[in-house]
Each structure stands twice: as structure tokens, then as C-alpha cells.
Amino acid sequence: MNNQELIESQELSIKIAELCLCCLLDGKKNVSELLESVNISQSAMSQHLMLLKEKKILKDEKNGKYIYYSIIDEQTIQILGFLKKICNKDIDN
């Protein structure tokens, strides 16, 4: 993998993480619910969620046969919500 491919791969990973986090702004969701909004394979989604958990951004909670993911820190939720509003405002203009 050359440098450009590595950069593109990292940018894609960041965008997927952003999409996952934006989906979780409304509250906890399981992998299936996240996959409805992010068009990647279930294994890729699980890898991204695992990385976000390792970075202490997400936590998981088992409820029956499902594992639900949510954002740990309230300040992270506020920052993401603010950024989402800015992005939506830019799209509307």
C-alpha cells in the first residue's frame, strides 16, 4: 500500500467513525441499526466500533441478544451535536 492509498484508507475510516458517532447522537443503537445508516459490511462496522471502544469514545451494553453502543462522554455528545448543526446549516445554504 503506497502513501496515497494509506491516506485514503485513513480518511475513509475517519468518515465511517464520524457517521457512526452521528448516528449515536440520538442514543444507543445496535450494529443492525447502525448499518441502516452506514453502508459497510457488518464485520467492518464491528471493527470500527471496537476501535472506538478501545479509544474510550463508546461503551457497549448487552440487552438480551443484542449489544447496544453509546457515546461515553456527554461533552463528546455536545461537541458532535454542535458540529452536526454546523454541517446541516452549510448544506442548507
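Details
- Separation of the ILE40 and LEU25 label points, Cα + 7 Å toward Cβ, nm: 1.9 nm
- Positive end of the dipole of the chain (Cβ unit charges, origin at the Cα centre): among ASN2, LEU58, ILE16, the Cα lying farthest that way belongs to LEU58.
- Theoretical gain in end-to-end length, GLN47 to LEU12 [0.36 nm per residue, Cα-Cα removed]: 11.3 nm
- Hz values of 3J(HN,Hα) by residue in the stretch 53-63 - Karplus curve (6.51, -1.76, 1.60), Gly and Pro given as x: 5, 4, 7, 6, 9, 10, 10, 10, 8, 7, 9
- Surface composition of the chain: carbon and sulfur atoms hold 52% of the protein heavy-atom accessible area at a 1.4 Å probe.
- Sparsely packed trypsin sites (Lys or Arg not before Pro) within the chain, loop by DSSP, other Cβ within 10 Å at most 15: LYS55, LYS56, LYS65
- Our helix-only sum for the chain, with -39,500 (n - 2.57) per DSSP H run of n ≥ 4 divided by its residues, gives a mean residue ellipticity at 222 nm of -21000 deg cm²/dmol.
- Basic side chains Lys and Arg get +1 at the Cβ, acidic Asp and Glu get -1 at the Cβ, and with that the dipole of the chain about its Cα centre reaches some 340 debye.
- Between GLY64, GLY27, GLY81, the Gaussian network model of the chain with springs among Cα atoms under 10 angstrom shows the greatest mean-square fluctuation at GLY64.
- Averaged over its residues, the chain has an accessible area of 75 Å² per residue, based on protein heavy atoms and a 1.4 Å probe.
- Under the simplified labelling scheme, the LYS55-ILE72 pair shows an inter-label distance of 1.2 nm, with each label point 7 Å from Cα along Cα→Cβ.
- Cβ-Cβ FRET estimate between LEU83 and SER32, R0 fixed at 30 Å, reported to 0.05: 0.70
The values are calculated or read from the model by the stated rules, or taken from the named source; none is laboratory data. The structure displayed is predicted, hence computed values, not measured ones. Please note: Cβ atoms are built from the backbone with ideal geometry, for glycine as well, and neighbour counts cover all protein chains shown. The accessibility values were calculated without ligands, DNA or RNA, using every heavy atom of the protein model including side chains. Shrake-Rupley method; radii C 1.70, N 1.55, O 1.52, S 1.80 Å.
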